[in-house]
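First up is the structure itself, then whatever we jot down about it.
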Amino acid sequence: MPFIDLESNLPATKFSEEFLKKLCTATATALGKPEERMNLVVKAGLPMLIAGSCSPCVMLSVSAIGVTDTAEKNKEHSAKIFQFLTGELGLSEDRIVIRFYALEPMQVGKKGTVMSFL
């Protein structure tokens with residue numbers, strides 16, 4: 001059950017429902033997870049600065065169980081997600097930052113319990 005949080009100083013108009021569906025597909029594919037398990041949030045129009053510049057940028061957080069727990073896995077995920085974001089948003093790689101968080105099943109609640117018990 002991955003969680004994708006995208007924050008950007010780009011306007012909300014850049015993040016249509018179609019973009020969210022494409023982001024869901026791209027990140028699910030990159031992580032090897034079914035789209036039905038994905039959870040996405042996009043926060044647009046934020047005051048942001050990356051590398052000393054307020055030029056258009058994106059910070060993406062990826063939190064997941066079992067697929068973000070090694071440097072090797074995250075390197076592969078990063079390459080695929082960067083390719084999607086640069087292509088869809090027209091940003092250069094230096095204007096995108098991705099953070100990976102490894103979750104344990106006990107850290108994700110669903111259906112009144114935690115994933116450890118589902």
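The values are calculated or read from the model by the stated rules, or taken from the named source; none is laboratory data. Worth saying up front: this structure is predicted, and the values here are computed from it rather than measured. All Cβ positions, even for glycine, are placed from backbone atoms using ideal geometry, and neighbour counts span all protein chains on display. These accessible areas exclude ligands, DNA and RNA; they are computed on the full protein's heavy atoms, side chains included. Shrake-Rupley method; radii C 1.70, N 1.55, O 1.52, S 1.80 Å.
Within the chain, what whole-number % of the accessible surface is contributed by carbon and sulfur, with the 1.4 Å probe and all protein chains included in the calculation?
On the way: 3640 of 6610 Å².
Heavy-atom surface of the chain belonging to carbon and sulfur, 1.4 Å probe: 55 percent.
Of all DSSP beta bridges located in the chain, what percent are antiparallel, nearest 5? Walk me through the numbers before you get to the answer.
Details: 9 of 22 bridges.
For the chain, the DSSP antiparallel bridge percentage is about 40.
Could you grab the Rg to Rh ratio for segment 1-52? Cα atoms only, Kirkwood for Rh. Don't jump to the answer; show the numbers that get you there.
Working: Rg = 12.2 Å, Rh = 11.8 Å.
That ratio is 1.03, to two decimals.
Using the Cα centre of the chain as origin and beta-carbon charges of +1 (Lys, Arg) and -1 (Asp, Glu), tell me which of Cys57, Pro34, Ser8 is placed farthest towards the positive end of the dipole.
Of the candidates, Pro34 comes out farthest on the positive side.
Answer with a single label: of (i) 11, 27, 15, 11, 13, 13, 6, 3, 1, 0; (ii) 13, 45, 31, 10, 1; (iii) 10, 39, 37, 13, 1, which was calculated as P(r) over Cα pairs in 10 Å bins from 0, in percent from the structure in view?
Label (ii) holds the value from this structure.
By how many degrees, 0 to 90 and rounded to 10, does the Cα axis of helix 71-89 deviate from the longest principal axis of the chain?
So the helix axis and the longest Cα principal axis differ by about 40 degrees.
Please arrange Phe117, Phe84, Phe3, Phe19 by accessible surface area, largest first, computed with a 1.4 Å probe and ligands excluded.
The ranking, largest first, comes out as Phe117, Phe3, Phe84, Phe19.
Give me the dipole magnitude in Debye, nearest 20, for the chain about the Cα centre, with unit charges on the beta carbon: positive for Lys and Arg, negative for Asp and Glu. Before the final figure, lay out each step's value.
On the way: 13 positive and 13 negative charges, 36 e Å.
Computed charge dipole of the chain: roughly 180 debye.
Using Cα-Cα distances under 8 Å and only pairs 6 or more residues apart, what relative contact order does segment 44-118 have, in percent? Working shown, then result.
Details: 74 pairs, mean separation 26.7, N = 75.
36 percent.
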